[in-house]
Amino acid sequence: MSGPISQADSAASIEEKTEPALRSSFELYPSRVAVVGNTQVRRALPKRQRRTIGAWCFADHFGPETLNGKRGMEVGPHPHIGLQTATWLIEGEIVHRDSLGSEQPIYPGQLNLMTAGKGVTHSEEFSGRKITSMHGIQLWVAQPDATRNGEPAFEHHDAIPEATFDNASAKVFLGSFGGATSSARTDTPIVGIEATLGIGSSVFELRKDFEYGLIVLQGMVGFQSHIIAPGNLAYFGADRYELPLTAREPTTFLLIGGAPFPNNPLMWWNFVARNHEEITQAYSDWQSRAERFGQLSSSLDRIEAPKPQFM
Ligand code: MN
């Protein structure tokens, strides 16, 4: 999926800031509603006050949406640099196609992970098979300097390891959690899980060197006196060794985390870079159909880049 970044992504206001009594910081943000292709999304990340969580730099929660005969998600060919896209579905189906020659349907509980590096083109397409609903999340991971100018790559994982806890379970799609480890590529210390919480409480063990974000997909999560609902991003700062959560109904949420990202990534449109010059070059290269983005033929229209405001 495309996830163009615009100035509106920095406009959301913070609802709550650190309480001194807490061991580490807790912040609760509203998501911003945006439209990507033919789909309405709730953009949880980035925020002006919170650009990254570990190397996670972007999160679009789409659905649940009943399609009523409408086609599934469709986003035409567009480029990326300097990031990995991670697609995770709860319901529905999307076909990923890219300039590496990949053509990969994804179903709930599977991971599509595309590494852009110096440049790649991809599209999200409708399989043509009848699907009744779409629900999922599109995430971006900023690449570190060591790999961000490297070759693009694509991985599909249909066997996702699971960890079980008292009253909870977790599908570990990136990194390690609760004794389960994903085989998917990671370029920085990072974790991503889909957790399911039964009615009652559960305590998750955390890494003290990681910061974490929580996005509820279905149900609601209680943390101390706070309710975290779909449409919120909850942020938990580093130095927290456990996360006690409660649920009044069966609840599914995403927990993403990692070591605080050392660089301040500059995000513009579908590009993650470090400075304006890199963005300007990527813009020009996409507009001139330069070799770095490869070739992808698609029945969907190619997406043209808006001109950077700083050019
Ligand atoms: Mn994309």
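Could you list, in sequence order, the residues of region 265-296 that are in a loop (DSSP other than H, G, I, E, B) and loosely packed, with under 10 Cβ neighbours inside 10 Å? Residues satisfying the conditions are Asn275, Ser288. Would you please name the residue that is nearest to Ala153 (Cα to Cα), looking only at residues in region 101-112 that are buried (at least 21 other Cβ atoms within 10 Å of the Cβ) and within 14 Å of the ligand (Cβ to nearest atom)? Ranking the qualifying residues of region 101-112, first place goes to Asn112. Tell me, please, whether a residue that is of a type outside the set (Val, Ile, Thr), farther than 22 Å from Val191 by Cβ and part of a strand (DSSP E or B) can be found in region 252-263. Checked against the condition, which is being of a type outside the set (Val, Ile, Thr), farther than 22 Å from Val191 by Cβ and part of a strand (DSSP E or B), region 252-263 yields no hits at all.
Residue-wise test of (1) of a type in the set (Phe, Trp, Tyr); (2) touching a residue at least 24 places away in the same chain (Cβ under 8 Å); (3) in a loop (DSSP other than H, G, I, E, B); (4) in contact with an Asp or Glu (Cβ under 9 Å, 6 or more places away or on another chain).
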position	(1), (2), (3), (4)
Val172	no, no, no, yes
Arg185	no, yes, yes, yes
Ala195	no, yes, no, no
Ile227	no, no, no, no
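Pairs are defined by a Cβ separation below 9 Å, a sequence spacing of at least 6 or placement on different chains, a first member in region 154-167 that is without any contact (Cβ under 8 Å) to a residue 40 or more places away in the chain, and a second member that is open to solvent by 50 Å² or more (accessible area, probe 1.4 Å) and of a type in the set (Asp, Glu); the pairs so defined are Phe165/Glu205. Gly76 meets all of the listed conditions (1) crowded, with 20+ Cβ neighbours inside 10 Å; (2) within 13 Å of the ligand (Cβ to nearest atom); (3) part of a strand (DSSP E or B) but one, namely (1).
Among the residues of region 120-145, not one is within 16 Å of the chain's Cα centre (by Cα) and open to solvent by 20 Å² or more (accessible area, probe 1.4 Å). Once region 113-170 is narrowed to residues that are β-branched (Val, Ile, Thr) and within 16 Å of the ligand (Cβ to nearest atom), the residue that is farthest from Ser99 (Cα to Cα) is Ile137. Checked against (1) surrounded by fewer than 20 Cβ atoms within 10 Å (Cβ to Cβ); (2) more than 15 Å from the ligand (Cβ to nearest atom), Gly92 passes all but condition (1).
The values are calculated or read from the model by the stated rules, or taken from the named source; none is laboratory data. Nothing here was measured: the structure is a model prediction, and the numbers come from that model. Positions of Cβ are backbone-derived with ideal geometry, glycine not excepted, and every protein chain shown enters the neighbour counts. Quick note on the areas: whole protein, heavy atoms, side chains included, nothing else; ligands and nucleic acids left out. Shrake-Rupley method; radii C 1.70, N 1.55, O 1.52, S 1.80 Å.
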